[in-house]
Each structure stands twice: as C-alpha cells, then as structure tokens.
Amino acid sequence: MSSPSPQPAVTVLGLGPMGRSLAAAFLAAGVRTTVWNRTPGRDRELVERGAVSAPTPEEAVAASELVVVCVVNYDASDAILRREAVVDALKGRTLVNLTADTPDRARDTAAWADRHGIAYLDGAIMTPTTTIGTPDAVFIYSGPAELHRSHGSVLEALGGTHTHLGEDIGRAAAYDVALLGIFWTAMAGYAHALALAKAEGITARELAPFAQGIGAILPPIFEATAGHVDDGSFSGEDNPLTSSASSMAHIIAASEAHGIDAAVMRAAEGQARRAIGLGYGNDGFTRVTAILGPR
C-alpha cells in the first residue's frame, strides 16, 4: 500500500493586498501556507483560516520548499531576501518572485540567486487582487522551464492561466512593463477625457458607455497593427498619421480652452508630428514605434 502524497506547502512573503490574496487562494486550495509580513497584524485573518504565521522571514522560508514573494518592488524584496539568515534558509529551495519591477532587476536577482544556490523563477500578475483564486487570474513566468513545470501544480492553486514565456529570466517583467504601459497611458487618457467632458457639462456616467465603446475597438486594432510593426509596413491606409495628428490637435485645443492640462495628448501629438517631419505622414500611427528610441 503506497503512502499518501504529502500535503503541498508554500510560503508567502509580503502581505499587502496582493500577497494576502495569494495566500488566501493557496489556503482555499488546501495548500499548507506559511506567511510573513514586515508589518505585524496583517496575517490575522489568514491565520484564522489556517495559515501559519512565522515570526521572521527566515523561519517562514524554512517552512516550505516553495517560497513566493510579492511586495511593492525589488528594493523591498531585496531588503527581505538578501539578509544573511534568509539567504541561508533559501539555499536549495525554489523562490518565485511575483514582485513587479524591470527586466534588468529580474536578471540581477536571478544572478544573485544562482550565486547562492537558490532556484529562481520570475513572474508577474497581470490581473487585480479580486481575480486571484478565480478563472480570471492571469500569471506569467520566465526562467527555467523545468522549475515552472515542477511547481506548476501548486502555483495553479492561484487560479486562472499560468503561462511560461521562456528561459530568459527578464521576459515576464518585459511583458509586464509593456502591458502596464498600455494600461496606465489608457487610464491617463481616460482621466483626461473625463476632465474635458466635465468641462463641457458631460458627467462621467454619461460618457462611460461611449468610452467602453472606444475600448472595444482596440483589440482588433492591436492584432492588426502588430503585424505592421513586426514586418515594418506601418500601413496608414485607413488612418494616416497626418489625420491622427489633426485629431489630436483638436483635443488639445478643446482642452486648453478650458484650462485643462493636455500634456499627455501633447506628448502623443509630438510623436506623430516627429514621424510626419521624417516623411512618414502617410503611414499609420504605429510608425511611432520605430522612432521612439534615441534621436
């Protein structure tokens, strides 16, 4: 008679909103979960649900073969992980870093982990806390594929989709910053739109359904123009840069007539005008991607 498989275990370092959501999802899936947070008290609800609270990060690390860290940035994760006692505890274990930062910081952390005998997988969470533990969660990872496979069953307790993007340890962070660039520039544009609408007597609730319509046309545009960027065609057949720049100028004029800061739109118009000045006026807006590097 074979002995039962041991209960899977994980340690979660960092109990901000996302860290708490990760730990809660592990617990809900029946994973033995040890938690630690720099600020005491944030683990109370998790402990009531069955988590083990560790008094120090090194004791938390020692409790599990798999350690997940999720804090505000790599300065914060370094402050936890690079303490001598924690380094000693991490040796021979697997560290999955779901902290958001830059690709170079991910590569630096991977090199540090390798020097200290720590198996390292970098990752990013592409959806908000409310999705964790549900089918809507999206996780991406980069680093050793075998490491991702060996811990996949535990990580999948977090719900949603889990995609390994390749061996380059900085690849997940590269996807993260690129995709969040879309999100935050879109949110900046939406904030500007609401300010302009308000100045014209239009409430945010009145504008919102039409804003959603604008958002809905973007996915097919993303898909179509990705090919233009990859093959260098930058087609402007449907909407050339000269037309785009004219539209942006109208937005700037309307905004500044109300005293509204149009810096975000001025930046976009400036990129379009620069491309036009280089002779690309008949190309599509994605031509801008080819001129965004150093002048």
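Where a number appears in this text, it was derived from the coordinates with a stated rule and is not lab data. Treat the numbers as computed from the prediction; the structure is a model and nothing was measured. Neighbour counts are summed over all protein chains in view; Cβ atoms, including those assigned to glycine, are modelled from backbone coordinates with ideal geometry.
Shape call for the stretch 1-90 from the C-alpha gyration tensor, a ≥ b ≥ c root eigenvalues: rounded (a/c under 1.5), prolate (a/b greater than b/c) or oblate? List each step's numbers first, then the result.
Values: a/c = 2.07, a/b = 1.35, b/c = 1.54.
Oblate is the answer for the stretch 1-90, as a/c is 1.5 or above yet b/c matches or exceeds a/b.
Measure nothing but the geometry: give the 0 to 90° angle between the long axis through the Cα atoms of 17-28 and the longest principal axis through the Cα atoms of the chain, rounded to 10°.
It is inclined by approximately 50 degrees.
Hey, if you put +1 on the Cβ of every Lys and Arg and -1 on every Asp and Glu Cβ in the chain, which of Ala249, Gly166, Thr33 ends up farthest toward the positive end of that dipole?
Thr33
The chain: Rg/Rh from Cα coordinates, Kirkwood Rh?
Value, to two decimals: 1.07.
Can you give me the C-alpha center-to-center distance between the stretch 24-95 and the stretch 221-257, rounded to a whole angstrom?
When both Cα centres are located, 46 Å separates them.
So what's the angle, to the nearest 10 degrees on a 0 to 90 scale, between helix 145-155 and the longest Cα principal axis of the chain?
80 degrees
Helix-only estimate, please: 222 nm mean residue ellipticity of the chain, summing -39500 (n - 2.57) across DSSP H runs of length 4 or more and dividing by its residues, to the nearest 500.
Working: 11 runs with 151 residues, N = 295.
My calculation for the chain gives -16500 deg cm²/dmol from helical runs alone.
Over the chain, what is the relative contact order in percent, taking alpha-carbon pairs closer than 8 angstrom and at least six residues apart?
Values: 454 pairs, mean separation 35.5, N = 295.
Answer for the chain is 12 percent.
Relative to the first principal axis of the alpha-carbon coordinates of the chain, what is the inclination of helix 241-257, with its axis defined by its Cα atoms, in degrees from 0 to 90 and to the nearest 10?
90 degrees
With the convex hull built on the Cα atoms of the stretch 180-281, state its orientation-averaged projected area in nm².
Projected area, direction-averaged: 7.1 nm².
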